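Scroll down for the structure; my scribbles are underneath it.
The values are calculated or read from the model by the stated rules, or taken from the named source; none is laboratory data. Keep in mind that what you see is a predicted model, and the values were worked out from it rather than measured. Glycine gets a Cβ as well: all are built from the backbone with ideal geometry, and neighbour counts include every protein chain shown. To get the accessible areas, we keep the full protein, side chains included, count just its heavy atoms, and leave off ligands, DNA and RNA. Shrake-Rupley method; radii C 1.70, N 1.55, O 1.52, S 1.80 Å.
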Amino acid sequence: MTPHEAGERPTVDSSELPRRRAAVASLGAQVRELVDAVVSTEVETEELERCAAQVGALTEALRSRRRERNVPASVDDLPGGIRMYNPVVGAGSPLAPPLEVELGSGTAAARCTLGLAYEGLPTYGHGGVSALLADQVLGAAVAASGNPGMTTELTLRYRRPVPLGTPLMVSGETVHVSGRWVQATGLIAAADRPDRPLVEAEARFACLNPEQARRLFPS
């Protein structure tokens, strides 16, 4: 990586980019495993203290060079749809399940399995996580319709608890386009029972005009 001034995106040689993206994805996967271990461990207190010190040392190493809030990640390609640190689908984000999304013509379908890190009520996923998944997939559906936009409304109906440790299917479909407004519907269900909704979702999106797009996505 080449040096950069504050506020400027660091540059990565094109020949190094695939290797760097693979390293980001590998680190993200390892930290997801770490998060799962942290929220499920019952080791002795002394072991917790020792692990905390080790993780602290790794954190300091990663902090030695970091980007600012307004600087895109060097591994991202916004026009190409690559967001390595997206908290829902990003391979490099420890927050992401991650969700694996497939696009159709105005539709999106995704799969994931939620672990203990996403627990709300014991053995079930947190309701806010369901909103996170639905927002991502419905947004992908409207983008796939050729009308990408920002969420302005999101309504969820929680029909049944979403179980942890169970393969889930999240789907979205664009249902109406009127000017700059786009509506989509979707659901979350167990992958082996796609006809039995656990969560139903409706959303409205506002399409971006060129000025808004340039402001939000400078690249």
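Residues of segment 143-171 that are under 25 Å from residue 121 (Cβ atoms), in a strand (DSSP E or B), in contact with a helix residue (DSSP H, G or I) (Cβ under 7 Å, 6 or more places away or on another chain) and of a type outside the set (S, T, N, Q): 154, 156, 158, 170.
Looking across 155, 185, 174, 166, one residue alone is among the polar types (S, T, N, Q) and open to solvent by 60 Å² or more (accessible area, probe 1.4 Å). It is 155. Could we say that residue 64 is open to solvent by 80 Å² or more (accessible area, probe 1.4 Å), among the hydroxyl-bearing types (Ser, Thr, Tyr) and under 30 Å from residue 213 (Cβ atoms) here? Criteria not met by residue 64.
Would it be correct to say that residue 45 is over 30 Å from residue 171 (Cα atoms), open to solvent by less than 70 Å² (accessible area, probe 1.4 Å), free of Cβ contacts under 8 Å to residues at least 12 places away in the same chain and β-branched (Val, Ile, Thr)? Please lay out each step first, then the result.
Values: over 30 Å from residue 171 (Cα atoms): yes; open to solvent by less than 70 Å² (accessible area, probe 1.4 Å): no; free of Cβ contacts under 8 Å to residues at least 12 places away in the same chain: yes; β-branched (Val, Ile, Thr): yes.
Here the answer is no, as residue 45 does not meet what is asked.
I'm checking my understanding of the structure. Among residues of segment 67-86 that are within 14 Å of the chain's Cα centre (by Cα) and of a type in the set (A, V, I, L, M), which one is surrounded by the most Cβ atoms within 10 Å (Cβ to Cβ)? Residue satisfying both the conditions and the ranking: 84.
Select from segment 179-192 the residues that are part of a strand (DSSP E or B) and closer than 17 Å to residue 143 by Cβ and write down the one among them that is nearest to the chain's Cα centre (by Cα).
The initial filter retains those residues of segment 179-192 that are part of a strand (DSSP E or B), namely 181-190.
When the remaining residues are screened for being closer than 17 Å to residue 143 by Cβ, the result is 181-186.
Working: 181: 24, 182: 21, 183: 21, 184: 19, 185: 19, 186: 17 Å.
By that ranking, first place goes to 186.
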